[in-house]
Amino acid sequence: MSGWFPNIGAAPAVPRLRPLTLARLVNTLINQFAVRGTIANNQKDPYLLGDGTVIPIKGGIPIWVYCEFNTLGSLKTGRVRIPMPDSFRLLSYFGSASVNAKGGFRVNVYDVNRRLRLTDRPINFQNLAGTGSSPLFQGGMTGSRQAAPYAFQETNAQVLITLVNLEPNPNIIQFGMYGVQGGKSS
Amino acid sequence: MTSSPTPAATASGIVKIPRVLIVDAVVPLNTQLPSILTIPQDADFEWWFLAAFRTNAAMKVLITEAATQRAMVFSGSQQSSQTVFNGVFIDNLAGLVANNGAFPIAVPYVMPASRSYQHAFTDSSGAQNTVQLAYHGFALLQVSSS
């Protein structure tokens, strides 16, 4: 460059713009944003449209592991150690309380073998677990293909569940984990 | 040039046909009722979603694969003396498709053709409970390559 313009070197490389629609194939427009379900389904949608699952596991059997307190007294603490099935990988939590006026219950999840807290401290159960209608899949965020389900120790894994009933009434509490037993990483 | 039978056909000669399998039960009050789901013998079934209908939420469910006796619902916990192991509350398993509540199995599970899955429904509502589980997925139909 010369003249009025200072020499500032070559222009930086501009990334090539990505078209919002792919080339027309069989006269059909493809919307690249339309690859997932609705935003409202973020937490519970582990499938990619027209593709498979974001969970990097193939095979294995679906397993629900739970503990139940029928009933846990008002404002009482319940503690239970659950022996986990072998080769269990955690995908989501679920929970319910028969009385849920003041938050139902708080829960702490602790991996006994690795001495790991899976919840930082007791958490209101509805902030951790939904029902079957509203699960939160662990690490399976929108569009992610890097979901990383937590694998407990291969054999003899144990989980310590500590629950606190927040209600001034006896409460029927069920809390558990959904996951896959066996299978291979894909 | 040969063309595949349908766009869903894979190189291995398997066509995925959408299929819904149903388990129905009318559970008398405060009792446990067994019910069996048998996978149709024409194809393996790839299970993707579970949906559930019930007339009362006070209903628990157990599911076991008959041939292998593998339980899908575990209770490893020492429960209180009043608690009997009858499975997961049905609302903790799944909800209605109409309410956007079907539960994604997340890692699709292939159920072999002709295999049976035992269900045990236990009502604790004190009234008759009508329940239906719907297994959504695909029949994996083998197609000949000729």
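Throughout, read-outs are computed from the coordinates displayed, never taken from laboratory work. None of these values were measured; they are calculated from a predicted model. Don't worry about glycine lacking a Cβ; one is built from the backbone with ideal geometry, like all the others, and counts go over all protein chains shown.
Quick query: amide H of B:Trp48 versus all other amide H atoms, modeled in the peptide plane; which residues come in under 5 Å with a sequence gap of 5 or more or a different chain?
B:His136, B:Gly137, B:Phe138
Amide H of B:Gln128 versus every other amide H placed in the peptide plane: which residues, excluding those fewer than 5 positions away on the same chain, fall under 5 Å?
Correct list: B:Leu29.
Taking a cut-off of 21 Å between Cα atoms, list the lysines near A:Lys44, but don't count ones fewer than 8 places away on the same chain.
Within the straight-line cut-off, A:Lys44 pairs with A:Lys58.
Give me the percent relative contact order of the stretch B:19-142, please, defined on Cα pairs under 8 angstrom at least 6 residues apart. It would help to have the intermediate numbers written out before the result.
Details: 300 pairs, mean separation 66.0, N = 124.
Reported as a whole number, the value is 53 percent.
State log₁₀ I(q)/I(0) for the stretch B:19-142 at q = 0.14, 0.17, 0.18 Å⁻¹ as given by the Debye formula over alpha-carbon point scatterers of equal weight, solvent excluded.
So the normalised log intensities work out to -0.61, -0.88, -0.98.
Taking the Cβ of each residue in B:Glu65, A:Glu167, A:Glu68 as the centre, tally the other Cβ atoms inside 10 Å and list the residues starting with the fewest.
Values: B:Glu65 17, A:Glu167 21, A:Glu68 27.
Going from sparsest to densest Cβ surroundings: B:Glu65, A:Glu167, A:Glu68.
Once the Cβ-Cβ distance between A:Arg79 and B:Gln142 is put in as r, and R0 is 30 Å, what FRET efficiency do you end up with, to the nearest 0.05? Walk me through the intermediate numbers first.
Details: r = 51 Å, r/R0 = 1.70.
That gives a FRET efficiency of 0.05.
Can you give me the relative contact order of the stretch A:42-185 as a percent, contacts being Cα pairs under 8 Å and 6 or more apart?
48 percent
Measuring from label point to label point, each 7 Å out along Cα→Cβ, what is the B:Arg70 to A:Asp51 span in nm?
2.7 nm
If each residue's Cβ is checked for other Cβ atoms within 10 Å, how do B:Ile22, A:Ile55, B:Ile90 rank with the fewest at the top? Numbers along the way, then the final one.
Details: B:Ile22 10, A:Ile55 28, B:Ile90 24.
By the 10 Å Cβ count, ascending, the order reads B:Ile22, B:Ile90, A:Ile55.
Taking the alpha-carbon distance from A:Lys102 and a cut-off under 23 Å, which lysines remain once sequence neighbours fewer than 8 residues away in the same chain are dropped?
The qualifying lysines are A:Lys76.
Fewest to most neighbouring Cβ within 10 Å: what's the order for B:Glu46, A:Glu154? Before the final figure, lay out the partial values.
Values: B:Glu46 17, A:Glu154 10.
Fewest-to-most Cβ neighbours within 10 Å comes out as A:Glu154, B:Glu46.
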